[in-house]
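Participant: My questions will all concern the structure given below.
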Amino acid sequence: MSALLEVRGLRAWYGASQVLHGVDLRVGEGEIVALAGRNGSGRSTFAKALMSMVRAQGERRFAGVNLAELRTFEIARLGLGYVAEQRDVFPTLSVEENLRLGLGSRSRRGGLSLEDVRALFPVLAERRTVRAGALSGGEQQMLALARALMGGPQMLIVDEPTEGLSAQMAARVGDCLASLRERGVAVLLIEQRLTLAPGLADRVAVMGHGRIVFDGSLDSLAQNEDIVREWLGIG
Ligand SMILES: Nc1ncnc2c1ncn2[C@@H]1O[C@H](COP(=O)(O)OP(=O)(O)O)[C@@H](O)[C@H]1O
Ligand SMILES: [Mg+2]
C-alpha cells in the first residue's frame, strides 16, 4: 500500500554544507507521526526540504505526486500544510487579516471557514481585531495552526508547536492537533522533547545527524534505552 507521504533517500544542503544524508519516512493517511531529535539534528530542514524551501535531492511523494518538481505554494495547494518553527504570523496585521491570508493557499479539498475557526479556536474569535504581534506565544501558535487549516490540508507538518508555551497552552495546542485526527488530517509533529507525542502520535521517528535512527511505536522507543540516551539525550 502506498503511503500519503513517502520519502526515500532525501538529502538536503545549505550551500555546500549537507544536512540531510538520506532520510526515509512514510506517513499514512490520517496518521499522526512524531519526529523527534536533538536540536540541530535536521528536523526543520526535513520539513523545509518537503516544502521545496531548501536545495534537496531524493524521492518525496505526496498523494502520489512528486514534490521535487513543485514550488512551495503548489505543494501547499496540493494539501500539504506547514506551520514553521517561527510561526510566521504577520505581526502588524490583525488576527482576522492573518486568517484571511490562509484562504489563499486553499487546496481542492477546501478547508476550515472563518466560522469553523471561530468555533475551534474561540480565543482567536475574541481577539480577532488585535494585531497578531500583540498575541501571546500560545495564541500565535493557534493562529498559525488555524491559518494552515483554512487551506484544507490533507496533512499538516507542525514544527515545534509547543516551544516556549506554558504547559496549559501546550495542552490546548495538543487538543487542536487531536481534533485533526477526527477530520482525517495526517500530522507530522516535530518535537524535541516528545511533549505532545505520547497520547497523540501513532508512531515516532527519531532523527540523528540527518538520518532516521529509529522508527516505531512510542512503547518500543521507551524500551530502547540506547536510542533514547544517544539520540534524545534524556533518561
Ligand atoms: N539557514 C541555514 N543555513 C545554514 N545552516 C543551517 C541553516 N538552518 C539550519 N542549519 C544547520 O543545519 C543543521 C540542522 O538544523 P535544523 O534542521 O534546524 O535542525 P533541528 O530542526 O532538528 O533543530 C544544523 O547544523 C544547523 O546549524
Ligand atoms: Mg528545528
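The values are calculated or read from the model by the stated rules, or taken from the named source; none is laboratory data. Being a predicted model, the structure only gives us computed values, none of them experimental. Using ideal geometry, Cβ is built from the backbone for each residue, glycine included, and neighbour counts are taken over all protein chains shown. All accessible areas refer to the heavy atoms of the entire protein, side chains included, with ligands and DNA or RNA removed. Shrake-Rupley method; radii C 1.70, N 1.55, O 1.52, S 1.80 Å.
Participant: Could you please find all residues in region 8-31 being open to solvent by less than 10 Å² (accessible area, probe 1.4 Å) and either more than 9 Å from ligand 1 (Cβ to nearest atom) or not hydrophobic (A, V, I, L, M, F, W, C) (or both)?
Facilitator: Leu10, Val23, Leu25, Val27 - these are the residues of region 8-31 that are open to solvent by less than 10 Å² (accessible area, probe 1.4 Å) and either more than 9 Å from ligand 1 (Cβ to nearest atom) or not hydrophobic (A, V, I, L, M, F, W, C) (or both).
Participant: Also, I was wondering about something else. Restricting attention to region 44-71, which residues are among the aromatic types (Phe, Trp, Tyr) and either in a strand (DSSP E or B) or away from ligand 1 (no atom under 16 Å from the Cβ) (or both)?
Facilitator: The answer is Phe62, and nothing else.
Participant: Could you tell me which of the residues Ala197, Ala201, Ala171, Ala167 is more than 16 Å from ligand 2 (Cβ to nearest atom) and closer than 17 Å to Leu35 by Cβ?
Facilitator: None of the other options fit; the residue is Ala201.
Participant: Can you tell me which residue within region 72-87, out of those that are within 16 Å of ligand 1 (Cβ to nearest atom) and of a type outside the set (A, V, I, L, M, F, W, C), is most open to solvent (accessible area, probe 1.4 Å)?
Facilitator: Filtering first and then ranking leaves Gln86.
Participant: In addition: Does region 93-111 contain any residue that is in a loop (DSSP other than H, G, I, E, B), open to solvent by less than 30 Å² (accessible area, probe 1.4 Å) and not small (Gly, Ala, Ser)?
Facilitator: no
Participant: Continuing with the same structure: So, Ala34, is that one touching a residue at least 24 places away in the same chain (Cβ under 8 Å), open to solvent by less than 10 Å² (accessible area, probe 1.4 Å), part of a strand (DSSP E or B) and out of contact with any Gly (no Cβ under 6 Å at 6 or more places or on another chain) or not?
Facilitator: So Ala34 fits the description; yes.
Participant: Does region 161-186 hold any residues that are open to solvent by 10 Å² or more (accessible area, probe 1.4 Å), within 16 Å of ligand 1 (Cβ to nearest atom) and at pLDDT 90 or above, and which are they?
Facilitator: Residues satisfying the conditions are Thr162, Glu163.
Participant: Out of curiosity, is Gly30 under 25 Å from Val206 (Cα atoms) and in contact with a Ser or Thr (Cβ under 8 Å, 6 or more places away or on another chain)?
Facilitator: The answer is no for Gly30.
Participant: Which residues, taken from region 190-206, are more than 14 Å from the chain's Cα centre (by Cα), within 14 Å of ligand 1 (Cβ to nearest atom) and open to solvent by 20 Å² or more (accessible area, probe 1.4 Å)?
Facilitator: Selection gives Arg193 alone.
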